[in-house]
Each structure stands twice: as structure tokens, then as C-alpha cells.
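Report on the structure given below.
The values are calculated or read from the model by the stated rules, or taken from the named source; none is laboratory data. Values in this document were obtained by computation on a predicted structure and should not be read as measured data. Glycine gets a Cβ as well: all are built from the backbone with ideal geometry, and neighbour counts include every protein chain shown. In case anyone asks, the SASA skips ligands and DNA or RNA and just uses the protein heavy atoms, side chains included. Shrake-Rupley method; radii C 1.70, N 1.55, O 1.52, S 1.80 Å.
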Amino acid sequence: MNMERNNLAELGEQLAAGLTEITGTEHQPGHIQPVIVGDAKRALELSAALERDGLKVLPIRTPTVPPGTERLRISLSAAMTAGDVDRLLKSLKCYL
């Protein structure tokens, strides 16, 4: 499964670079990325907006995380493509 692992690593680098640009906060490469939004209601709204765009990004809220650190949890899979990550980043840029 070396091809799948390599693809996932490349997607993680692409996602981290895009999130860093969009949020202004440095993101380290990885296939699971948090996007801190700081408010439970906002996390739910963002998750719902992304779902309307055909993207499944889960909100993580208190009590799972401390108040004020609510976030979206982006999880990539090896079945995704660079185009999928681009689509996700474009949607995120519209809503963040």
C-alpha cells in the first residue's frame, strides 16, 4: 500500500499548505487537521454548509474540547485526489 500512503502524505501536505494560507495559522502536514473556529454554533454552521457542498467535515464541540476551542475536524483518505482537496479548500475559503 505504498502508493496509497504516499498519496495520503501528499494530500496532507496540500491540505496543510492550503489551511495555513486560508486561516493564517500554521498547519503541519497530516491527513487529520483541526480548524479552530472557537464557537460551537459556528462549528455546526460551517459543518452544515460544507455538507451542502457535498463535503463531510465534522464539528468537534465542548465537552470534547475546551470551550472556545471548538473546531472542524478534517479527515482525508487515501482514496481522495488532489482535486478533492482543492474542492474542500475552495469551500472552506468561502465560509471562513
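Somewhere in region 56-74, is a residue in a helix (DSSP H, G or I) and in contact with a helix residue (DSSP H, G or I) (Cβ under 7 Å, 6 or more places away or on another chain)?
No, region 56-74 has no match at all.
Which of the residues spanning region 37-68 are touching a strand residue (DSSP E or B) at 6+ places or on another chain (Cβ under 6 Å), β-branched (Val, Ile, Thr) and farther than 18 Å from residue 94 by Cβ?
Once the filter is applied, which keeps residues that are touching a strand residue (DSSP E or B) at 6+ places or on another chain (Cβ under 6 Å), β-branched (Val, Ile, Thr) and farther than 18 Å from residue 94 by Cβ, region 37-68 yields only 60.
Would you pick out the residues in region 37-55 that are surrounded by fewer than 17 Cβ atoms within 10 Å (Cβ to Cβ), of a type in the set (A, V, I, L, M) and either modelled with pLDDT under 95 or not in a helix (DSSP H, G or I) (or both)?
Hit for region 37-55 is 55, nothing else.
Residues being more than 18 Å from residue 68 (Cβ to Cβ) and not acidic (Asp, Glu): count how many of those fall in region 38-55.
Matching residues across region 38-55 total 6.
Any residue in region 76-96 that's open to solvent by 80 Å² or more (accessible area, probe 1.4 Å) and part of a helix (DSSP H, G or I): show its pairings with residues that are modelled with pLDDT of 95 or more and not polar (S, T, N, Q) at Cβ separation under 7 Å, as long as the two are six or more apart or on different chains.
93/22
Given the conditions (1) in contact with a Cys (Cβ under 9 Å, 6 or more places away or on another chain); (2) open to solvent by 80 Å² or more (accessible area, probe 1.4 Å), which single one is not true for residue 10?
(1)
Of everything in region 62-75, what is under 15 Å from the mean Cα position of the chain (by Cα) and open to solvent by 50 Å² or more (accessible area, probe 1.4 Å)? Give them in sequence order.
Once the filter is applied, which keeps residues that are under 15 Å from the mean Cα position of the chain (by Cα) and open to solvent by 50 Å² or more (accessible area, probe 1.4 Å), region 62-75 yields 71, 73, 75.
Within region 18-35, restricting attention to residues that are within 13 Å of residue 86 (Cβ to Cβ) and touching a residue at least 12 places away in the same chain (Cβ under 8 Å), which residue is surrounded by the most Cβ atoms within 10 Å (Cβ to Cβ)?
So, considering only residues that are within 13 Å of residue 86 (Cβ to Cβ) and touching a residue at least 12 places away in the same chain (Cβ under 8 Å), the one surrounded by the most Cβ atoms within 10 Å (Cβ to Cβ) is 19.
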